[in-house]
1. Per 0.36 nm of contour for each residue apart, how much would the distance between ARG121 and HIS236 grow if the chain were fully extended, relative to their Cα-Cα spacing?
2. In Å and on Cα atoms, what radius of gyration and Dmax does the stretch 202-318 show?
3. Using θ = phi - 60° and the Karplus form 6.51 cos²θ - 1.76 cosθ + 1.60, what ³J(HN,Hα) does each residue of the stretch 11-19 get, whole Hz, x for Gly and Pro?
4. Evaluate the distance, in nm, between pseudo-label points positioned 7 Å from the Cα of HIS199 and of GLN140 along their respective Cα→Cβ axes.
5. Cα axis of helix 156-168 to longest principal axis of the chain: angle in degrees, 0 to 90, nearest 10?
6. Can you tell me what percent of all Cα-Cα pairs in the chain are more than 27 Å apart?
7. Please give the helix 237-254 orientation as an angle from the longest Cα principal axis of the chain, in degrees from 0 to 90, rounded to the nearest 10.
8. Quick check: residue separation of SER292 and ARG26 times 0.36 nm, minus the Cα distance between them. What number comes out in nm?
Amino acid sequence: MAKNFKELSEREIVALAISLEEEHGRIFADFADGLRETYPATAKMFEAMQAEESEHRRSLIDLYRQRFGEHIPLIRRHDVKGFITHRPLWLVRPLGINAVRKQAEIMELETRQFYEKAQERVTDASARKLLGDLAEVERQHQAAAKSLEQSLTSNVREQEDAASRRLFVLQIVQPGLAGLMDGSVSTLAPLFAAAFATHTSHDAFLVGLAASVGAGISMGFAEALSDDGSLTGRGHPWVRGLVCGLMTTAGGIGHTLPFLIPSFHIAFTAAVFVVAVELASISYIRHRYMDSPLLAATLQVVLGGVLVFLAGVLIGSS
């Protein structure tokens with residue numbers, strides 16, 4: 001079971017910091033290796049960042065040995081709630097410079113927030129100073145990652161707002177999209193099963209309404225309890241939970257409302273149209289904010305939606 005950050009002891013915090021520095025150093029080395037032929041200057045920057053991460057790791061190990069002894073427990077990011085799971089871009093060849101830049105900036109932002117939070121948790125003066133110094137270095141690394149964006153685009157305003165947009169994606173778009181997808185897809189089966197079982201608009205509306213509200217409550221609590229946002233910058237957990245819950249409910253309500261129409265056939269036709277609009281909207285949002293290819297996003301969302309829709313129709317007609 002993953003631990004909450006607040007439950008970590010000072011010994012575990014320093015051990016986790018050592019693990020993070022080792023992981024980031026190896027990722028930066030892979031970035032440098034993947035960019036060396038096409039972007040040699042950028043590769044040198046990542047080599048310098050990798051060397052700094054190695055120095056940070058050595059400093060942290062020295063601090064750990066002075067305070068806690070020789071044995072360093074193995075604690076990684078997935079052992080602690082609140083860290084973002086990074087896609088292994090460093091394994092892909094050829095490396096995309098935009099994808100590398102985004103990931104490097106988010107990694108440094110996340111690590112800086114970790115050091116700032118860790119500094120508040122430790123009591124030893126030398127440990128607090130080291131963690132504060134490391135947070136400042138991570139801030140400089142984040143600035144270096146941003147500088148890559150300045151060399152790749154002429155839109156200055158977009159450069160300045162890029163980090164804010166990525167935080168917006170983390171705090172609002174991701175939980176909202178997860179809720180919208182779940183609400184739009186998961187409620188199809190019970191709604192259309194009830195519709196075809198009863199051929200009554202009112203009964204189908206009640207089932208759809210109950211499924212939408214129930215899914216919204218479930219998804220809202222699941223998102224709020226998934227991580228406290230202290231390390232990832234994803235915002236207050238209950239805000240994310242509210243966004244996720246409301247979007248889940250909205251996703252189900254959208255194709256439920258047409259069943260307020262007394263005529264079953266008209267209501268069914270309108271509901272199918274709304275479902276098509278919902279799936280198209282989800283595909284576009286995934287493409288716009290999550291860097292998913294539009295065709296792949298559309299096929300994934302539409303295929304899932306159609307399968308759930310057909311399951312509801314077949315069950316309701318049996």
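Taken together, the values in this text are just the output of simple stated rules run on the coordinates, not laboratory data. Keep in mind the model is a prediction, meaning the values are calculated, not measured. Reconstructed Cβ throughout: ideal geometry from the backbone, glycine too, with neighbour counts over all protein chains shown.
1. On the way: separation 115, 0.36 × 115 = 41.40 nm, distance 1.95 nm.
That works out to 39.5 nm of additional length.
2. For the stretch 202-318, the Cα-based Rg and Dmax read 16.3, 52 Å.
3. Listing the rounded values in order: 4, 6, 5, 5, 4, 5, 4, 4, 5 Hz.
4. About 7.6 nm separates the two model spin labels.
5. 70 degrees
6. Numbers: 27407 of 50403 pairs.
Percent of Cα pairs beyond 27 Å in the chain: 54.
7. The helix 237-254 is inclined about 30 degrees to the chain.
8. Details: separation 266, 0.36 × 266 = 95.76 nm, distance 2.62 nm.
Contour length minus the Cα-Cα distance gives 93.1 nm.
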